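Asks: Starting off with a structure, shown below.
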Amino acid sequence: MKKLKTSQKVVFAAGVLGVLIGIYGRFNAWEYMEYFSFFYAGSTMMWIVFLPQKKSCSNLFRRKKAQKS
């Protein structure tokens, strides 16, 4: 696991909490739409933490500057 910034750790912890609430709700007979939103949002937050940083992404549609000769 790579080093994470503090904000990434907070988002990851919130994601873990959401997944745990979803699992808890699943096994305590909550309605599907009550627990699934927690589970889905939590798993998405955990996945978002590991996306590459914005400054390292390349923009495929950016125009390249003309080279001076």
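Rundown of residues vs (1) open to solvent by less than 70 Å² (accessible area, probe 1.4 Å); (2) at positive phi; (3) in contact with a strand residue (DSSP E or B) (Cβ under 8 Å, 6 or more places away or on another chain); (4) modelled with pLDDT under 85, yes/no style:
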{"position": "LYS5", "(1), (2), (3), (4)": "no, no, no, yes"}
{"position": "VAL10", "(1), (2), (3), (4)": "no, no, no, no"}
{"position": "VAL19", "(1), (2), (3), (4)": "yes, no, no, no"}
{"position": "TYR24", "(1), (2), (3), (4)": "no, no, no, no"}
{"position": "PHE39", "(1), (2), (3), (4)": "no, no, no, no"}
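Asks: Please go through the stretch 26-36 and give me each residue that is part of a helix (DSSP H, G or I), over 21 Å from the mean Cα position of the chain (by Cα) and at pLDDT below 90, ordered by number.
Replies: Our first condition is that a residue be part of a helix (DSSP H, G or I); within the stretch 26-36, this holds for 26-27, 32-36.
From what is left, the residues that are over 21 Å from the mean Cα position of the chain (by Cα) are 26-27, 32.
Within the stretch 26-36, ARG26, TYR32 qualify.
The values are calculated or read from the model by the stated rules, or taken from the named source; none is laboratory data. Keep in mind that this is a model prediction, so the values were computed, not measured. Glycine also receives a Cβ, built like all others from the backbone with ideal geometry; neighbour counts cover every protein chain displayed. Protein only, heavy atoms only, side chains kept; ligands, DNA and RNA dropped before computing areas. Shrake-Rupley method; radii C 1.70, N 1.55, O 1.52, S 1.80 Å.
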